[in-house]
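Structure first, commentary second.
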Amino acid sequence: MRIVLTKGLILNAQSTARDNLAETLFPAGEYQANLTPEGKIEILSSGKCKAKFSFSQFREKLSLGEFVLLES
């Protein structure tokens, strides 16, 4: 699926290079998002970092207008 972040957000993200969690800036813009096997929604930032959300967290971000769903 594709989503748009309407404003820059600092999210806890996992780096694929270091395999640890760190706060990462996700600037406003369009991102690819995937459903993970553990039932979370994962937002990918240029292939280096990924932030994961539960469905309830994702719905909350949508309702606040921080995320806009473009394509599912």
- Query: Of all residues in segment 24-45 being over 9 Å from the mean Cα position of the chain (by Cα) and among the charged types (D, E, K, R), which is surrounded by the most Cβ atoms within 10 Å (Cβ to Cβ)?
  - Reply: Lys40
- Screening Lys61, Lys48 for residues that are basic (Lys, Arg), in contact with a strand residue (DSSP E or B) (Cβ under 9 Å, 6 or more places away or on another chain) and surrounded by 15 or more Cβ atoms within 10 Å (Cβ to Cβ) leaves only Lys61
- Task: Go through segment 8-22 and give me each residue that's surrounded by 10 or more Cβ atoms within 10 Å (Cβ to Cβ), of a type outside the set (Ser, Thr, Tyr) and either over 13 Å from Glu66 (Cα atoms) or modelled with pLDDT of 95 or more (or both).
- Result: Asn12, Ala13, Gln14, Arg18, Leu21, Ala22
- Query: Which of the residues belonging to segment 13-72 are part of a strand (DSSP E or B) and more than 19 Å from Arg2 (Cβ to Cβ)?
  - Reply: Gln14, Ser15, Leu21, Ala22, Glu23, Thr24, Leu25
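The values are calculated or read from the model by the stated rules, or taken from the named source; none is laboratory data. This structure is a prediction, so every number in the text was calculated from the model and none was measured. Neighbour counts are summed over all protein chains in view; Cβ atoms, including those assigned to glycine, are modelled from backbone coordinates with ideal geometry.
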